[in-house]
1. Structure shown: which of K227/K248; K22/K151; K170/K227; K151/K198; K76/K170 lie over 30 Å apart, alpha-carbon to alpha-carbon?
2. Can you send over the carbon and sulfur percentage of the accessible area for the chain, probe radius 1.4 Å, protein chains only?
3. Given Cβ point charges of +1 (Lys, Arg) and -1 (Asp, Glu) and nothing else, what value in debye, to the nearest 20, does the dipole of the range 82-137 about its Cα centre take?
4. Show me the ranking of peptides 11-17, 244-250, 126-132 by mean Cβ neighbours inside 10 Å, starting with the highest.
5. For the chain, what is the mean residue ellipticity at 222 nm derived from helices alone (per DSSP H run of n ≥ 4: -39500 (n - 2.57); sum divided by total residues; nearest 500 deg cm²/dmol)?
6. I'd like the accessible area for V210: 1.4 Å probe, protein heavy atoms, all chains in place, Å² to the nearest 10.
7. Return one whole number: the accessible area per residue of the chain in Å², for a 1.4 Å probe.
8. For the charge dipole of the range 133-240, defined by +1 on Lys and Arg C-beta atoms and -1 on Asp and Glu C-beta atoms about the Cα centroid, which residue among A206, L218, V176 has the Cα displaced farthest towards the positive pole?
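The values are calculated or read from the model by the stated rules, or taken from the named source; none is laboratory data. As the structure is a prediction and not an experimental result, all values here were calculated from the model. Don't worry about glycine lacking a Cβ; one is built from the backbone with ideal geometry, like all the others, and counts go over all protein chains shown. Only protein heavy atoms, including side chains, enter the accessible area calculation; ligands, DNA and RNA are left aside. Shrake-Rupley method; radii C 1.70, N 1.55, O 1.52, S 1.80 Å.
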Amino acid sequence: MDNTIVSNPRPGVMLITLNRPKSLNALSRALLGEVAAALNRAEADDVIRCVVITGDERSFSAGADIKEMPESDIPKFAESERLRGWKTIERFPKPLVAAVNGYALGGGCELTLLCDIVIAGENARFGTPEIKIGIFPGDGGTQRLPRSIGKTRTMMMVLNGEPIDARTAKEWGLAVEVVATERTVERALDIAASIAEKSPLALRMAKADVLMAFEKPLDESLSLERKMLLWQSKDHREGIAAFAEKRKPSFTGR
Ligand code: CO8
């Protein structure tokens, strides 16, 4: 585990720190594999209820590792174990928060699109510069960016390749808050710790429900939402009892 640092800085929270500073945290095969392994552990561990991903102050991630890109075999590169790593992040069922300082470029920007909540530091720069090296955002960017920020803003980013600053990212909806660079991780951890106090079952269903909005036609997703609401759990009963008794709920995930 040389490319990431995994820690538990708050109850119920896993922090994954990308740790290839010399490459601006480029997403090498090995790094993606470590992120996927950490997420698999987080998924299996009932104690972990929320995960935060961050980089360092200079760079969240400058994207796919260009030095690993084969000159002649892009399809193999795209479909290899890299893709398995992406799929693990895409399918991670617990809340995922990104704390973004510095560069979030190419795959780094696409990684933030897989996160549920994005906190940006003032020095954050979001961009899809792939066009400058003769490709385009191929880790989901051409599909997720327009769903997130609309067509013309996406075209501006993808066709031009120039990054946007943190304030613009917030205005466009790529980040939910902009904070002082040195506060980014703390703020993300505060949010994650608050999320971690909620019912893990309800969190999982809420995340799945919201993501349905991007995948299914409205009539189908509304009817699935209604079906999921009919579900009963001890956590639901505990939430109602705690409200009535004016105390903090204690959720067990059952
Ligand atoms: N991959 C590998 N190494 C990188 C990357 C990267 N993406 N970005 C930076 N580095 C390395 C540099 O090579 C340099 O290493 P060294 O010191 O050994 O020369 C080190 O990080 C520091 O970088 P710079 O000296 O360039 O730092 P600057 O501050 O001058 O510039 C930039 C910073 C502007 C971020 C610049 O490094 C840059 O433009 N990087 C490339 C960004 C980029 O193009 N990202 C997109 C990559 S493609 C992608 O993410 C999605 C592809 C989808 C693939 C789907 C399958 C086909």
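1. The pairs that break the limit, which is 30 Å between Cα atoms, are K22/K151; K170/K227; K151/K198; K76/K170.
2. 56
3. Dipole size: approximately 260 debye.
4. Highest-to-lowest ranking by the protection proxy: 126-132, 11-17, 244-250.
5. One gets -13500 deg cm²/dmol as the mean residue ellipticity at 222 nm.
6. Accessible surface of V210 is approximately 90 Å².
7. 53
8. The residue sitting most towards the positive pole is L218.
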